[in-house]
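K.L.:
Dumping the structure here so I can ask a few things about it.
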Amino acid sequence: MTAYVARRLWQMLPTMAGVILLVFFLFNWVGGDPAYVLAGLMSNQEQIESIRTAMGLNEPLYVQLWIFVKQVATFDFGASWTTGEPVAQLFASRLPASLTLMLPLLVIETVVCLVLAVGLSWVRGSRMDRGVMVIFTLLMSVSILVFIILGQYLLAYRWGLFPVQGWGDGLWKNLSTYAPLPILLGLLVGVAPHTRLFRTFVLDEVDQDYVRTARAKGLSEARVMFVHVLRNALIPVITFVISNIPGLLLGAFLLERFFGIPGIGREIILAVERSDFPVIKAVTVYVALATMVFNLMGDLLYRLADPRVQLR
Amino acid sequence: MVFSKHPDNSVQASPGAWRLAWQRFSADRVGLWSACIVLWFLLLVALTATGLIAAEWEKEVAIGHAPPSWATSASSEGAGPTRPLPSVLDYTPSHADVTDPIAKEWAQAQQAVKPAGEQPNVLAAHLPMGADKWGRDVLSKTIKGAETSVLVGLAAALVATVLGAVLGAVSGWFGGWVDDLSNWLYNVFHAIPGILLILAIAAVLDTKGSAAVVVILGSTTWTGMYRLMRGEFMKHREREYVRAADAIGASNMRRMFVHILPNVSHVILVQYSLLTVACIKAEVILSYLGFGVPVDGVSWGTMLTEAQNDLLVGIWWQLLCATLAMSLFVTALSLLTDALRDALDPKVV
């Protein structure tokens, strides 16, 4: 186990180096001269020169790369180009809003999709099962944007069931007032693809021998499906959910943007709009790192939940 | 070839793989219908691209926010009074203009627009699918938008497919350091969540437009294709027909792309179709956010942006039209993909 973890961590190094190289290449070469981007349109040669010197852009390429590696290692990406706030502080202050929105969504969505998936597998092949699958296919073909635009217009603007947008200070206030509509819409968007995925996990289990044994000893179908099958189908579900947590922070960027929630997703959109390179660079590198770590955690949890799995 | 020339026709050539697939596909009614819808959209795209239909989508043909002709009564309370936009010609110089420093230039400018404006321009009060803020026909816009969205989706998916397939083929075929290098590249791209990579590339590209969207989506979505192709080529490398080709002296390239490629083409086709759906959805979001197709072009994404503002004053037809068109195409393409997979994968039958 320890050897496995050590090896996985060791294997992350080249990937991480690649991510750093990719980001460096993107922002220093593809994007043109960063000094021009920072200086803006109205600038003279002296200003650009002084920015170049301050950013180390006059140094050879490997020195610039080394500066970037040091930034990654020390969590110090300097200040945002637009607000002047240190990037680390910027993310620390945006994280709570994102989590307030995404954690309830994650929990509710996982539970709802699991129950739906087990229920649909119970009646698999029936008219009910096929009908729901058709509805899900239709739901998945409608753009996320349409769900949000219509939901915000009808539920909040026309019928006044929720505030149209906004965000408060207290956790409870946010959870009870501002978060419900975004969570509801996020649920509407996520329920179709996730139920479909979880359904395949459940269907992988229903033909196993232990299910036949459980039925043979006279257990009710509900108990077989929701206790025996569900517990085994949970294993891939947990892995899936854990390894998707980093993406979750970004996944809600449309919701955060539409509802004016000061979270990380909205911050990234703003950064892209304003060419705020330090913010985008930092987010790309650290989310990639988090993705790798959470993938490893997902695999380890898989091992904990199912001792038959051999980690190689 | 030899058998077909046989005099008594006793031996018949067995049907090829594609023909068998077509036999299975033609029995699938859902697949056939979705293929019809997809082909219909592609026909529309071809016609708009050549300028045969919807060429004048930018022309003001109706009053601003003219409702659809089939929903006039329902929308009259919601839409509010519709009025033509104030024209530049309505302006008459007043006393104040004597002190206006640009009064002279203004009068000249007015003179210059007059001949064009004097033609009688009758604006319709209703259109089949209504009009947008500037009195443009929503139906024409949707068709023109389909051209952008579908072409960008197809092109981006093509870039990703070629990139992923070639890299996967080379990686699976040669193995060794080539494989290690490609795998490393795959891991790097796979570690960054797709949407973040898309936004990061959108941030550094200072050119906006359809070509930029194709580059952004093509360079970020190739990983799934790579993974599949690598596995397929590793599998086929050891097959007997490939060894036989090796024995008669076929080169690496010939074995990879003449012998193996046709045998994995069904995997590529299905994956291409899946990628197209994903790219169309992504294009709509990118254009909505303003990182995609510029405002002077039209795509389903820019239509949704306008529709969001329209909705606040009760104008819903642009949203309806863009949503219907996009959902219809995406559903049809998804169902077609399922049907193709069933028809092309012999294991299923």
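The values are calculated or read from the model by the stated rules, or taken from the named source; none is laboratory data. Everything numeric in this text was worked out from a predicted model, so none of it was measured. Methodologically, a virtual Cβ is constructed for each residue, glycine included, from the backbone with ideal geometry; neighbour enumeration extends over all protein chains shown.
K.L.:
Given the residues B:Gly218, B:Gly194, B:Gly224, which is the only one that is within 11 Å of chain A (Cβ to nearest Cβ) and in contact with a helix residue (DSSP H, G or I) (Cβ under 9 Å, 6 or more places away or on another chain)? Before you say what the answer is, go through the steps one by one.
P.N.:
Numbers: B:Gly218 fails: within 11 Å of chain A (Cβ to nearest Cβ); B:Gly224 fails: within 11 Å of chain A (Cβ to nearest Cβ).
Step by step, each of B:Gly218, B:Gly194, B:Gly224 is checked, and only B:Gly194 is within 11 Å of chain A (Cβ to nearest Cβ) and in contact with a helix residue (DSSP H, G or I) (Cβ under 9 Å, 6 or more places away or on another chain).
K.L.:
Considering only region B:151-175, how many residues are surrounded by fewer than 20 Cβ atoms within 10 Å (Cβ to Cβ) and either touching a Phe, Trp or Tyr at 6+ places or on another chain (Cβ under 6 Å) or within 12 Å of another protein chain (Cβ to nearest Cβ) (or both)?
P.N.:
Total satisfying the criteria: 1.
K.L.:
Still on this model: Please go through region B:47-91 and pick out each residue that is outside any loop (DSSP other than H, G, I, E, B) and modelled with pLDDT of 75 or more.
P.N.:
Narrowing region B:47-91 to residues outside any loop (DSSP other than H, G, I, E, B): B:47-49, B:62, B:68-79, B:88-90.
Across region B:47-91, the qualifying residues are B:Leu47, B:Thr48, B:Ala49, B:Ala62, B:Pro68, B:Ser69, B:Trp70.
K.L.:
Show me the helices (runs of 4 or more DSSP H) entirely contained within region A:202-312 in which 3 or more residues are of a type outside the set (Ser, Thr, Tyr) and within 14 Å of chain B (Cβ to nearest Cβ).
P.N.:
On the way: elements: A:209-216, A:230-243, A:245-251, A:253-258, A:264-273, A:277-305.
By residue number, A:245-251, A:253-258, A:264-273, A:277-305.
K.L.:
Then there is this: Pick from region B:288-305 the residues that are of a type in the set (Ser, Thr, Tyr) and facing another protein chain (nearest Cβ under 10 Å): which of them is nearest to A:Ala271 (Cα to Cα)? Spell out the reasoning first.
P.N.:
Going residue by residue through region B:288-305, those that are of a type in the set (Ser, Thr, Tyr) are B:288, B:299, B:302, B:305.
Retained after the next criterion (residues that are facing another protein chain (nearest Cβ under 10 Å)): B:288, B:305.
Numbers: B:Tyr288: 16, B:Thr305: 20 Å.
Across region B:288-305, the extreme among qualifying residues is B:Tyr288.
K.L.:
Residues that are within 14 Å of another protein chain (Cβ to nearest Cβ) and surrounded by 15 or more Cβ atoms within 10 Å (Cβ to Cβ), at least 3 per element: which helices (runs of 4 or more DSSP H) completely within region A:1-102 meet that?
P.N.:
Numbers: elements: A:2-25, A:34-39, A:45-55, A:61-74.
Those helices (runs of 4 or more DSSP H) span A:2-25, A:34-39.
K.L.:
Still on this structure, please answer the following. Is there any pair with a first residue in region A:48-61 that is at positive phi and a second that is of a type in the set (Val, Ile, Thr) whose Cβ atoms are under 7 Å apart and which are 6 or more apart or on different chains, and what are they?
P.N.:
A:Gly56/A:Val63; A:Gly56/A:Ile67
K.L.:
Among the residues of region B:233-251, is there at least one that is basic (Lys, Arg) and within 14 Å of another protein chain (Cβ to nearest Cβ)? Steps first, answer last, please.
P.N.:
Filtering region B:233-251 for residues basic (Lys, Arg) gives B:235, B:237, B:239, B:243.
Okay, now just the ones that are also within 14 Å of another protein chain (Cβ to nearest Cβ), so none.
So far as region B:233-251 goes, no, none of its residues is basic (Lys, Arg) and within 14 Å of another protein chain (Cβ to nearest Cβ).
K.L.:
For A:Thr74, state whether it is among the β-branched types (Val, Ile, Thr) and at pLDDT below 85.
P.N.:
Here the answer is yes, as A:Thr74 does meet what is asked.
K.L.:
Now a separate question. Going by the structure shown, is A:Val115 within 14 Å of chain B (Cβ to nearest Cβ) and surrounded by fewer than 17 Cβ atoms within 10 Å (Cβ to Cβ)? Explain how you work it out, then say what you get.
P.N.:
On the way: within 14 Å of chain B (Cβ to nearest Cβ): no; surrounded by fewer than 17 Cβ atoms within 10 Å (Cβ to Cβ): yes.
So A:Val115 fails the test.
K.L.:
Restricting to region B:263-281, count the residues that are surrounded by fewer than 24 Cβ atoms within 10 Å (Cβ to Cβ), aliphatic (A, V, I, L, M) and facing chain A (nearest Cβ under 10 Å). Outline the logic, then answer.
P.N.:
Here is the first cut: in region B:263-281, the ones surrounded by fewer than 24 Cβ atoms within 10 Å (Cβ to Cβ) are B:263-274, B:277-278, B:281.
Going one step further and asking which of them are aliphatic (A, V, I, L, M), we end up with B:264, B:267-270, B:274, B:277-278.
Filter once more, keeping what is facing chain A (nearest Cβ under 10 Å): B:277.
Summing the residues that are surrounded by fewer than 24 Cβ atoms within 10 Å (Cβ to Cβ), aliphatic (A, V, I, L, M) and facing chain A (nearest Cβ under 10 Å) in region B:263-281 gives 1.
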